[in-house]
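Derivation of every value follows stated rules applied to the coordinates shown; laboratory data play no part. Worth saying up front: this structure is predicted, and the values here are computed from it rather than measured. Positions of Cβ are generated from backbone atoms using ideal geometry, with glycine treated the same way; all protein chains shown enter the neighbour counts.
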Amino acid sequence: MKLYYMPGACSLATHILMRESGQTVELDKVGRDKKTESGANFLEINPKGYVPALQLDDGEVLTENVVVHNYLADLKPGSKLAPPHGTKARLRQDELALYISTEIHKTYGAMFNPVMSDEMKQASRDRLAVRYELIEKLLADGRPYLTGENFATVDAYLFTVTRWAPGLKVDLSKFPKVMAYQERVAARPAVKAALEAEGLLKAA
């Protein structure tokens, strides 16, 4: 499988999950000009124009974070990245994944728009603070990861989008459990390897 990615973008979550599940990771970086590092036109690979795009071994391409994450989890059930389909635990994890996608990722994403006013950016920061209150409460029982003891798809996703907070001046200091969670996820070997491969972490 080949992952089309941009360093530090939401595709980082897919990259992390590939490493967590023991997949062979083949990367092709996408530039702002929509050309890939290998010289391909990314718009021909994914007409939507954004990452992640995961090219399967049969040549088909999967897009959209939650779909790609679930595919990788189901491909390697032994990795315990997601509970089995048909269980309440899976429903709850999917519910959380969509919350991250629509309420957190989408809010951060809008702030990258250079024409967004300072007032609108502050409104987005205020909205994110409300969203992170739920995450803080979720972690209040001492669980290491969002769904409990096991690192899951939603952890790779939340970790990735929350990494954008400093650059967008989103203050997470009033969410100590979220900040500790970020450090805990960042310390995982697969996460370190993904960050290093994308040039986001210096080699040890």
- Item | Odd one out for residue 139, checked against (1) loosely packed, with under 13 Cβ neighbours inside 10 Å; (2) among the aliphatic types (A, V, I, L, M); (3) farther than 23 Å from residue 8 by Cα | (1)
- Residue under evaluation residue 54, criteria (1) surrounded by 17 or more Cβ atoms within 10 Å (Cβ to Cβ); (2) within 17 Å of residue 159 (Cβ to Cβ), criterion not met: (2)
- Task: Please work out which residue is surrounded by the fewest Cβ atoms within 10 Å (Cβ to Cβ), limiting yourself to region 57-86 and to residues that are at positive phi and without any contact (Cβ under 8 Å) to a residue 40 or more places away in the chain.
- Result: 59
- Item | Subset of region 187-203 (residues that are surrounded by fewer than 17 Cβ atoms within 10 Å (Cβ to Cβ) and part of a loop (DSSP other than H, G, I, E, B)) | 187, 199, 200, 201, 202, 203
- Identify the residue in region 1-41 that is touching a strand residue (DSSP E or B) at 6+ places or on another chain (Cβ under 8 Å) and small (Gly, Ala, Ser) and, among all such residues, is farthest from residue 186 (Cα to Cα). 40
- All positions within region 162-186 that are under 23 Å from residue 89 (Cα atoms) and either surrounded by fewer than 13 Cβ atoms within 10 Å (Cβ to Cβ) or of a type in the set (A, V, I, L, M, F, W, C) (or both): 178, 185
- Regarding residue 74, is this residue of a type in the set (Asp, Glu), assigned to a helix (DSSP H, G or I) and over 20 Å from residue 13 (Cβ atoms)? no
